[in-house]
Amino acid sequence: MPNRGQSVLLQAKPDSGFTLLEVLVVIAIIGLLIGLVAPAALRQLGGARISVAKQSIERLGTVLDMYKLDVGTYPDTSDGLTALVDKPADVSNWNGPYLKGNAAVLDPWNRPYIYRFPSQRSGHDYDICSEGPNGSTSDGMICNP
């Protein structure tokens, strides 16, 4: 038994743990952090896909230029970008495949790129476009510069 002048040291019980209130506070803090960080991360992901689409369109433009050097003209709209992988029947001097793989050329949203030759835009030889994140041909399309 301790004297009056001595302090009593409390020892932890062997079955001590976190209280329900402490656990709820930690969960609330984690929820707030996720709520603040998640929207910024999702915006970055959307911006990254748009950037990848623009870079892919530029790369496809370079490949189309190589195709034109070999064949003499760009692929017809009916042949599309598959002419870069499979030789069209009516083409000579084809030195492809110009792209690796046999799969269709897809944008970052897993939709095929839209290809048109001749272009429907003034000042362009051809059009390579992605429907963008909205999947709409009227709004948000990403096209070759």
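Just so it is clear, none of the values below were taken in a lab; they were calculated from the coordinates. No experiment lies behind these values; they were computed from the predicted model shown. Virtual Cβ from ideal backbone geometry, glycine too; neighbours counted across all protein chains shown.
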### Query
On a 0 to 90 degree scale, rounded to 10, what angle separates helix 20-71 from the longest Cα axis of the chain?
10
### Query
Extent of region 53-143 along each principal axis, from alpha carbon coordinates, in Å, largest to smallest?
38, 31, 21
### Query
If we count every other residue with Cβ under 13 angstrom of Trp94's Cβ, Lys/Arg +1 and Asp/Glu -1, where does the sum land?
-2
### Task
Taking only the C-alpha atoms, wrap a convex hull around region 103-145 and report its volume per residue in Å³ as a whole number.
74
### For region 33-105: span of alpha carbons on each principal axis (Å, largest first)
60, 20, 20
### Summary
Compactness check, region 31-72: C-alpha Rg relative to the 2.2 N^0.38 Å globular estimate gives 2.02
#### Entry: Cβ charges +1 (Lys, Arg) and -1 (Asp, Glu), total dipole of region 61-145, debye
120
### Packing-based order for 49-55, 79-85, using average beta carbon neighbours within 10 Å, highest first
79-85, 49-55
## Note on the structure
Length gained if Ala48 through Ser122 is fully extended, taking 0.36 nm per residue and subtracting the Cα-Cα distance, is 23.8 nm
### Query
Any idea which of Thr82, Gly101, Leu21 is furthest toward the positive side of the dipole for the chain, if Lys and Arg beta-carbons carry +1 and Asp and Glu beta-carbons -1?
Leu21
